[in-house]
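Colleague: Pasting a structure below so you can have a look.
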Amino acid sequence: MLGNKAVNEKNHLEIAGCDVVLLADKLGTPLYVFDEALLRENMREYKKVFEERYPEVSIAFAGKAFLCSAMCRVLGQEGLWLDTVSGGEYYTALGSGFPMEQVLFHGNNKSPEEHSLVLKNGIGRWVIDSESELDLLIEEAQKYERGKLPVFFRITPGIDPHTHAFITTGKVDSKFGLPLMEGIALLVVQKALSCGYLDVKGIHCHIGSQIDTLEPFGKAIEVMVRFLAEVGEKTRCLLPELDLGGGLGVPYLDEDKGRFPSVESYAEIICGAVKENCQKYKVPLPHLFVEPGRSIGNTAGSTIYRVGTVKEIPGIKKYVAVDGGMADNPRPVLYDAKYQSLVGNRVLGGGKEKVSIVGKCCETGDVIIGDTELVPVMRGDVLVVEGTGAYNHSMASNYNMIPRPGVVFIREGKPVLVVRPESWYDLTRRDIIPDYLQEEGE
Ligand SMILES: Cc1ncc(COP(=O)(O)O)c(C=O)c1O
């Protein structure tokens, strides 16, 4: 099992002390369930292990992994920064009362509306992704009312983190960031430094996600610190901050538990490599930022479903269909991601059988777990899929006009609704029937 789970005397699964059968009965399914204490514990662990090893460090949660207003409040209380990548994420933080001077704003193609929203309401660090974005920003920053606009530059350090191609972001051939080749990044930074309207705080990289070895982080750090030194040498300006993005992988299966580095060993490598390279390239230690997403949210979240159709094709396969699927968890379809599950109302029991857990979407590929061993499952059972706290709620869609699930935090053993489940009404709320389609005489 992942996270803080237990089996109670009724043989029901409890998440953070809350019986999932009661949750399903009371709040309906599918439902995203977060252990709030574990979320906070993960945030605190990041702060602790980095602060023990490095003089100045900020932990910025990557909102793309999981964001809602209550999450922003928790992040604010725990003293984390927030990394946003769209006007919508930024707006969520703003509406929740999050301190906007602790928000980073990323994006490879920020829209004019996003520019004006962020410039109007203020930002901690604006992460410039390209020269064309810089050109726009130099114009706009002249009207920024809070002084010089604090910016980072996103650099592609040219490191392959050996993860899934769709979540590899730091190679030279990438839609994100500025390449170092032919002095491209250097010229852009020089331009920003000389314009007079930007407070160039530092550089940023993010090499990828779900990374299971620490070696690529060390390599990226060397490239980034070398670039800080080069900027210092060529411009006489030592940039004071370095943001290394996120990317630490997490186990989705019990059998993978030993395969991923701990947050502590990640911090050890990151802080050690920054110090070592700063010494080597003779630059002062920068203020460090890291942007973890998955490794804070994932094990703290599970999805609970209700089992519907159970269908056996003799000698071939037994399909267990649940009342959600790729609409609330597109990761198996997108990345061939693997998950594990439990029967929440009958956790322990002999006679396990091999089944495929599928969703209710009209796609043959809508498979949540291809092959798994479960206690015999029946219609009406509660099925719990573990490790869905990152990139599930945030990636959910209304495919097949399926309402998206709500989110509960379990706090001191009690469920607290933080995102209400969508209704069918929500699905047509934005629809417009234009005049020419209205029935005559209506
Ligand atoms: C810029 C940036 N920072 C941080 C993250 C978070 O990565 P992870 O969830 O793997 O920690 C991402 C994810 O893609 C990202 O693009």
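The values are calculated or read from the model by the stated rules, or taken from the named source; none is laboratory data. As the structure is a prediction and not an experimental result, all values here were calculated from the model. Cβ placement follows ideal geometry from the backbone for every residue including glycine, while neighbour counts extend to all protein chains displayed.
Colleague: Quick one: which of Tyr391, Tyr436, Tyr425 is among the aromatic types (Phe, Trp, Tyr) and under 22 Å from the mean Cα position of the chain (by Cα)? Show your work before the answer.
Modeller: On the way: Tyr436 fails: under 22 Å from the mean Cα position of the chain (by Cα); Tyr425 fails: under 22 Å from the mean Cα position of the chain (by Cα).
Just a single option satisfies the conditions, and that option is Tyr391.
Colleague: Go through Asp371, Asp435 for me and flag whichever is over 29 Å from Glu41 (Cα atoms), without any contact (Cβ under 8 Å) to a residue 12 or more places away in the chain, loosely packed, with under 13 Cβ neighbours inside 10 Å and not hydroxyl-bearing (Ser, Thr, Tyr).
Modeller: That would be Asp435, the only listed residue that is over 29 Å from Glu41 (Cα atoms), without any contact (Cβ under 8 Å) to a residue 12 or more places away in the chain, loosely packed, with under 13 Cβ neighbours inside 10 Å and not hydroxyl-bearing (Ser, Thr, Tyr).
Colleague: Hey, another quick one. Among the residues of region 229-242, are any buried (at least 19 other Cβ atoms within 10 Å of the Cβ), within 14 Å of the ligand (Cβ to nearest atom) and not in a helix (DSSP H, G or I)? Don't jump to the end; show me each part of the working.
Modeller: First, pick out the residues of region 229-242 that are buried (at least 19 other Cβ atoms within 10 Å of the Cβ): 231, 239, 241-242.
Checking which are within 14 Å of the ligand (Cβ to nearest atom) leaves us with 242.
When the remaining residues are screened for being not in a helix (DSSP H, G or I), the result is 242.
There is at least one residue in region 229-242 that is buried (at least 19 other Cβ atoms within 10 Å of the Cβ), within 14 Å of the ligand (Cβ to nearest atom) and not in a helix (DSSP H, G or I).
Colleague: Taking the options Ser174, Ser130, Ser194, Ser209, name whichever one is more than 20 Å from the chain's Cα centre (by Cα), within 16 Å of the ligand (Cβ to nearest atom), among the polar types (S, T, N, Q) and assigned by TED's automatic domain parsing to the domain that holds Phe289.
Modeller: Matching residue, one of Ser174, Ser130, Ser194, Ser209: Ser130.
Colleague: Something else now. Identify, by number, the condition in (1) over 30 Å from Cys271 (Cα atoms); (2) more than 16 Å from the ligand (Cβ to nearest atom) that Lys110 doesn't meet.
Modeller: If we test Lys110 against (1) over 30 Å from Cys271 (Cα atoms); (2) more than 16 Å from the ligand (Cβ to nearest atom), just (2) comes out false.
Colleague: Let me ask something else about it. Can you tell me which condition Leu117 does not meet? The list is (1) out of contact with any Gly (no Cβ under 6 Å at 6 or more places or on another chain); (2) assigned by TED's automatic domain parsing to the domain that holds Gly177; (3) farther than 19 Å from Gly389 by Cα; (4) away from the ligand (no atom under 16 Å from the Cβ), and all the others hold.
Modeller: Among (1) out of contact with any Gly (no Cβ under 6 Å at 6 or more places or on another chain); (2) assigned by TED's automatic domain parsing to the domain that holds Gly177; (3) farther than 19 Å from Gly389 by Cα; (4) away from the ligand (no atom under 16 Å from the Cβ), the lone unmet condition for Leu117 is (1).
Colleague: Answer yes or no: is there a residue in region 33-43 that is more than 16 Å from the ligand (Cβ to nearest atom), more than 27 Å from Gly324 (Cα to Cα) and either buried (at least 19 other Cβ atoms within 10 Å of the Cβ) or not assigned by TED's automatic domain parsing to the domain that holds Val290 (or both).
Modeller: No, that holds for no residue.
Colleague: Does Gly202 satisfy being over 20 Å from Lys110 (Cβ atoms), touching a residue at least 60 places away in the same chain (Cβ under 8 Å), crowded, with 18+ Cβ neighbours inside 10 Å and over 21 Å from the mean Cα position of the chain (by Cα)?
Modeller: no
Colleague: Name, by its number, the condition in (1) surrounded by fewer than 22 Cβ atoms within 10 Å (Cβ to Cβ); (2) on the phi > 0 side of the Ramachandran plot; (3) not aromatic (Phe, Trp, Tyr) that does not hold for Glu140.
Modeller: (2)
Colleague: Out of all the residues in region 410-432, which are outside any helix (DSSP H, G or I) and among the polar types (S, T, N, Q)?
Modeller: Ser423
Colleague: Further question: Taking Val21 and the conditions (1) touching a residue at least 60 places away in the same chain (Cβ under 8 Å); (2) within 22 Å of the chain's Cα centre (by Cα); (3) surrounded by fewer than 24 Cβ atoms within 10 Å (Cβ to Cβ), which numbered condition does it fall short on, given that it satisfies the others?
Modeller: Answer for Val21: the failing condition is (2).
Colleague: Any chance you could count how many residues in region 292-333 are within 16 Å of the ligand (Cβ to nearest atom) and of a type in the set (D, E, K, R)?
Modeller: Summing the residues that are within 16 Å of the ligand (Cβ to nearest atom) and of a type in the set (D, E, K, R) in region 292-333 gives 2.
Colleague: While we're here: May I ask you to say which residue of Val384, Val377, Val310 is in contact with a Ser or Thr (Cβ under 7 Å, 6 or more places away or on another chain) and of a type in the set (A, V, I, L, M, F, W, C)?
Modeller: That would be Val384, the only listed residue that is in contact with a Ser or Thr (Cβ under 7 Å, 6 or more places away or on another chain) and of a type in the set (A, V, I, L, M, F, W, C).
Colleague: Moving on to the next point. Out of all the residues in region 255-296, which are over 30 Å from Thr372 (Cα atoms), basic (Lys, Arg) and part of a helix (DSSP H, G or I)? Spell out the reasoning first.
Modeller: Start the filter on region 255-296 by keeping residues that are over 30 Å from Thr372 (Cα atoms), which leaves 264-291.
From the residues that got through so far, the ones that are basic (Lys, Arg) too are 275, 280, 282.
Scanning region 255-296 gives Lys275, Lys280.
Colleague: Could you say which residue among Arg346, Arg420, Arg379 is among the basic types (Lys, Arg) and either in the same structural domain as Leu248 (by TED's automatic domain parsing) or under 23 Å from the mean Cα position of the chain (by Cα) (or both)?
Modeller: Only one candidate qualifies: Arg420.
Colleague: Of everything in region 52-87 that's basic (Lys, Arg) and within 22 Å of Leu288 (Cα to Cα), which residue is farthest from the ligand (Cβ to nearest atom)?
Modeller: Among them, the one singled out is Arg53.
Colleague: Please tell me if Lys311 is basic (Lys, Arg), modelled with pLDDT under 95 and surrounded by fewer than 19 Cβ atoms within 10 Å (Cβ to Cβ).
Modeller: When the stated conditions are applied, Lys311 does not pass them.
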